[in-house]
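Quick notes on the structure that follows.
Nothing in this text is a laboratory measurement; each read-out follows from the coordinates by a stated rule. Predicted model only: the values in this text are computed from it and were never measured. Every residue, glycine among them, receives a Cβ derived from its backbone with ideal geometry; neighbour counts consider all protein chains shown.
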Amino acid sequence: MVKQKWGDRLGTGFIWAIPLTITAIFLWIIGDVFWHGLGQINWQFLFTAPIDAGRSGGIAPILVSTAWILLICMGVSLPLGIGTAVLLVEFSDIKTGFGQLIRRSLDTLAGVPSIVFGLFGNALFVKVFGLGFSILSGGLTLACMVLPLLIRSTEEGLRAVPQSYRLGAASLGISQTKTLWHLILPAAMPGFVAGFVLGIGRAIAETAALIFTSGYVDRMPSSWLDSGRSLSIHIYDLAMNISNGNANAYGTATVLITLLLMINALTSWIGATWTNHHFKF
Amino acid sequence: MTTFHPKNTIHPTAIRTENLSLSYDQKIAFQDISLPIPAQKITAIVGPSGSGKSSFLTCLNRLTDLTQQCRVSGKVYLAGKNIFDPKIDVIALRRRVGMLFQQPNPFPFSIYKNLVFPLKEHGITDRSHVEYLIEESLTAVGLWDEVKDRLKSSALRLSGGQQQRLCLARTLVLKPEVILMDEPCSALDPISTGVIEDLIKDLGDRHTIVIVTHNLAQAKRISHQTALFWSQKNVGHLIEVAPTQDFFQHPVNPLTQAYVTGLKG
Ligand SMILES: Nc1ncnc2c1ncn2[C@@H]1O[C@H](COP(=O)(O)OP(=O)(O)OP(=O)(O)O)[C@@H](O)[C@H]1O
Ligand SMILES: [Mg+2]
């Protein structure tokens, strides 16, 4: 009896220790970044251009470039990703052999190192399409990179919707498109949100894929065809290449993490609102 | 070979299947089923697990279209037209042939929207008409008094029996001629079962009902005609179909005799 109790306690302790450790590490990293970085942040930091390779001055052009890159990336990958997942899950004709092949390829792609995507983007968008080192090339490269993540988690979301909804709707003579729009997509929202958060998290943190595509010019871009430096590249550059760049690297990292948290919160909120809009009244 | 009883032909038939067979990929679920289903009567389908009862039911509203690798051959006549004819409008077919499932499957909407959704998809949007139909169908399933004050709350918060009645109301709101039911009470407690059973009996006056049930006493209580499905060499066959009284009192086929006396199945 006593022995078993000790075993139980040990087990419980262990089970608690793991998530606590993970949470602690996460908080520690965030805490460290904010501790060193928050002091750097003021209006000037956010709204002026970098001076002296970023040692002083702000990050305004970098924020703008990052926003454009992310916008292009998500604007392209989101409709493509959701569309592909819907095709894979909802339209049975391609559920079989071809669908399997697509799924295999996606899983492989999701595991490909980002540097490879960088080289691919460089070859295709920068050279073949002649877009040069530009925000457009970078955004499109990132889109290729996050697409597999997006498709797979959207797929999971769609598969989590009970088949009884589809059968129930069909048995009432409701067309497949109407069922999809009013029932399946809102019910699969958690999957989309997860995919979006994963995708944008990977995109916003990316450096290797961008160095060869959007480049690292830190001036304010005047169009999508200008080269532009992303926040992550800026952090990398300040931390690795620029002496005395650490303070601003921390400041930029603080901005990046804040941005990521804000985007995630906003995404969840929009997702929940849309689902409620469809499911409530 | 199916045993038919001569009395069976008294009523006009609503649905008639002709040499209907269905297979999933390699597996044949049932074969060569020719079953007349009388109009505005209740037909019970009984038989052991895996004899193809559910599969048969899903042919009657072509829900089989949704299952991959499901192949149907033979014919199903509804009002003289073969519903597997490519020219048939499936949406209209499913409006005429409603279905109630084994597990209550209300949509994750409010009670109200569960009923509005199908109406809207069939072009019924006039507000007062919609509200009339909703009250009518909820009253028909005895749910109106229970839920009229919380129509806007989630249907998922209803009890299992209430959910199943809501699903029945959702089917009724489209005014179908035929209602298919696949063991509609098997997920419910005895009281809810009794309530649903009474409803089905009532509906049988104005609707053609095909109900799959494992409960022989239930088939006996509510149906006018009973059909026995049996799996032979792993393939479902229609063994006997008869007016319910004859089916239970004078079964002809030895399998039916054994089944109704509880010796087999
Ligand atoms: N989607 C499917 N894919 C493959 N095989 C299936 C599928 N659905 C049913 N089957 C098979 O078809 C046969 C008939 O199944 P069905 O569900 O119609 O039987 P049933 O008489 O309704 O059984 P129960 O009384 O258990 O509900 C079974 O052998 C079953 O394994
Ligand atoms: Mg069944």
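Quick notes
- Ordering of B:37-49, A:125-137 by packing [mean C-beta count within 10 Å, highest first]: B:37-49, A:125-137
- Normalised by residue number, the volume inside the convex hull of the Cα atoms of the protein assembly as shown is 236 Å³ per residue.
- The protein assembly as shown: antiparallel DSSP beta bridges as a percent of all, rounded to 5: 60
- Summary value for the stretch A:68-226: 37 percent relative contact order, contacts being C-alpha pairs under 8 angstrom separated by 6+ residues.
- Proximity of backbone amide H atoms, modeled 1.01 Å from N, is registered between B:PHE229 and B:VAL46, B:GLY47, B:ILE239 at under 5 Å, excluding neighbours fewer than 5 places apart on the same chain.
- Ascending count of other beta-carbon atoms within 10 Å, so fewest first, for B:HIS122, B:HIS207: B:HIS122, B:HIS207
- Restriction of the trypsin sites (Lys or Arg not before Pro) in the stretch B:182-265 to DSSP coil positions whose beta-carbon has at most 15 other beta-carbons within 10 angstrom yields B:ARG206, B:LYS233, B:LYS264.
- Assuming charge only on the beta carbon of Lys and Arg (+1) and of Asp and Glu (-1), the dipole of the protein assembly as shown about its Cα centre is about 660 debye to the nearest 20.
- Rg and Dmax over the alpha-carbon atoms of the stretch A:41-278 stand at 20.1, 68 Å.
- Coarse-grained scattering of the stretch B:206-265 at q = 0.12, 0.22, 0.28 Å⁻¹, given as base-10 log I(q)/I(0) from a Debye sum over alpha-carbon atoms: -0.27, -0.90, -1.37
- Debye log10 I(q)/I(0) at q = 0.16, 0.22 Å⁻¹ for the stretch B:102-235, Cα point scatterers: -0.82, -1.38
- Only helical runs count toward this figure. For the protein assembly as shown, summing -39,500 (n - 2.57) over DSSP H runs of n ≥ 4 and dividing by all residues gives -16500 deg cm²/dmol at 222 nm.
- With distances taken between every two different alpha-carbon atoms, chain B has a Kirkwood hydrodynamic radius of 19.0 Å.
- Selection from A:PHE47, A:LEU140, A:PHE26, by position along the positive dipole direction of chain A (Cβ): A:PHE26
- Neighbouring Cβ atoms from other chains, within 10 Å of the Cβ of residues in A:113-124, number 0 on average.
- Our Cα-only numbers for the stretch A:198-281 put the radius of gyration and Dmax at 16.7, 59 Å.
- Axial C-alpha extent at least 24 Å, average Kyte-Doolittle at least 1.6 - helices from chain A (DSSP): A:60-90
- Two-decimal Rg to Rh for the stretch A:151-209 - Kirkwood Rh, Cα set: 1.18
- Cα gyration tensor, the stretch A:25-81 - rounded (a/c under 1.5), prolate or oblate: oblate
- Prolate/oblate/rounded call for the stretch B:1-145, Cα gyration tensor, a/c under 1.5 rounded: prolate
- Computed magnitude of the charge dipole of the stretch A:163-281 (debye, nearest 20; Cβ of K, R +1, Cβ of D, E -1): 500
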